[in-house]
1. Taking a 1.4 Å probe, which of Thr482, Thr388 shows the most accessible area, and what order do the others take after it?
2. Return, ordered by residue number, the residues of region 142-173 whose backbone nitrogen is under 16 Å from a label point located 7 Å along Cα→Cβ of Arg332.
3. Measure off, as a whole percent, the carbon and sulfur share of the 1.4 Å-probe accessible area of the chain, all protein chains present.
4. So what does His350 come to for accessible area, using a 1.4 Å probe and Å² rounded to 10?
5. Rounded to the nearest 5, what % of the DSSP beta bridges within the chain are antiparallel ones?
6. For region 7-111, which GluC sites (Glu not before Pro) are both in a DSSP coil and crowded by at most 13 other Cβ atoms within 10 Å?
7. Once both labels are modelled 7 Å past Cα along the beta-carbon direction, what's the Asp156-Asn81 spacing in nm?
8. Can you give me the orientation-averaged projected area of the convex hull built on the Cα atoms of the chain, in nm²?
Amino acid sequence: PTGDVLPAVIVGTGYGAAVTALRLGEAGVPTLMLEMGRLWDTPGEDGNVFCSMLRPDGRAMWLKNRTRAPLASLLWMDVINHDTERYPGVLDRVDHDGMSVYLGRGVGGGSLVNGAMAVVPKRSYFEEVLPSVDPDEMYGRYFPRATAALGVNHVDPEWFETCESYQYARLSREHAHRAGLTTTFVPSVYDFDYLRREEAGEVPRSALAGEVIYGNNHGKRSLDKTYLADALGTGNVTIRALHEVRAIRRDARGYALTVHRRDETGEVVERLEIATERLFLGAGSLGSTELLLRARDTGTLPELGPEIGQGWGPNGNVMVGRANHVWDSTGRTQSGMPALGIDAWDDPEHPVFAEIAPVPAGVELWLSLYLAITKNPERGHFSYDPATDTARLHWNAEQGKTSIQQAKALFDKINRANGTTYRTDLFGDTRAFENRFTYHPLGGLVLGAATDDWGRVRGYPGLYVTDGSLIPGSTGVNPFVTITALAERNVERILAEDWTTPVG
Ligand code: FDA
């Protein structure tokens, strides 16, 4: 009932939030999770929970009238995106000046829409990015704990060599090797055994049916099947979907939240107040940063410092396509879940880790696609805009240049060795390198700056950050394993130290 003060509330249900919920639940702390997106468990009229990339509908995107896929065009034609009904769909694209950020919306956050690549970062680079975190503890304890709980698995290398699903990856590997580059298998939270059975025709297709960024109906161990299921299993965790936290203020026993509830059409139908002793922000880099910036600048948490909103980066993301020779087929059936990467991270001048990405269009396109992660030291920051009541990201084209130079050095090498060229028809104009969007927003509430070394927000006891906003802009690999492991580390410490003294 209204007026009660809950022991713990978590904002969001992505990686950091899900880890925190499980560990609080196991410790016996009654915990409420508030998620602005839908609970994705009910089939639509077509019998599926999610729509496919080839036939998107309202379920694809968060409150938009048209899809906005990362590949904008093919042969310069606007054939990829479709008009849809406005609906609280699973993928959001948040546009800022110079940078668009893709995000998952729904119970499970980014795990519902991502490529499932579960990569532990290089230890030397992790130490560079988060110097205050003990690497022995992370690599000895928390990374193994995270990968086990996420259900990370590896592709069978023998099957990989002969299957149809990864012909595109084998071709890109051959081209990379010809240029003297190294490739590596990428672990995944997509069930590779399920994928093998998809190709064999034994089970309904998902990764082989063009399902990735608008959700997978089968095969993927998203958070709702791992951490969140286990959290609910403790009996101490409750999730409320379609509840967006809008404002946070201090009150006598902790924190009071203003929450907007939406109905299934996306309309806000209720405004409620929820009070809690402890508040964990797991709304992602954009979500958590916006909540604290708004609180600072509207005066509801006035002691928040200048570090709020700093240290943001797109993990150096650059997308690029190469045009293949006609005799080099990538195959019509491409697994939507990548399994291979080009690892040139140790190149002293042009460090790049490039995932060999699918183009699950169901037709031969003579296209090899990559999402390159580059090492770009530039950082952006956010400011609060009172006119729109939102956080605005400050990031410009100049800041993205290093990433393009690094990616170009690698792919020039591959093109030279194979007599191939770039595709310039994919990104709405004639550019070959697209770095105006990111899948990997990181930072904004950096560990050891906006928070202490375990995610406790400075100046506000009982207020914590648990998600990708803690990581200053870069991990060198796809980030969710790092976010998960860091959340495991932080919540263990917080549970051990903070529950002995009352908040406030
Ligand atoms: P995350 O973004 O997962 O969760 C935040 C949740 O909070 C969301 O559900 C959101 O709706 C909710 N929320 C936000 N504001 C709120 C508010 N005010 N009130 C209530 N709820 C709120 N990474 C990787 O390691 N391997 C990969 O293969 C990929 N591939 C990939 C593809 C695509 C298309 C995308 C978009 C992303 C990836 N990623 C990825 C990135 C990965 O998904 C991402 O880094 C993590 O999901 C971030 O985890 P967080 O815990 O930070 O938040």
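1. Correct descending sequence by accessible area is Thr388, Thr482.
2. Hits in region 142-173 for Arg332 at 16 Å: 164-168.
3. Its accessible area is 51 percent carbon and sulfur atoms.
4. That residue has around 60 Å² of solvent-accessible surface.
5. 75 percent
6. Glu45, Glu85
7. 4.1 nm
8. Mean orientational projected area (the chain, Cα hull): 22.2 nm².
The values are calculated or read from the model by the stated rules, or taken from the named source; none is laboratory data. Model, not experiment: these values are computed from the prediction. Please note: Cβ atoms are built from the backbone with ideal geometry, for glycine as well, and neighbour counts cover all protein chains shown. Side chains are part of the model used for accessible areas, which takes the heavy atoms of the whole protein and leaves out ligands, DNA and RNA. Shrake-Rupley method; radii C 1.70, N 1.55, O 1.52, S 1.80 Å.
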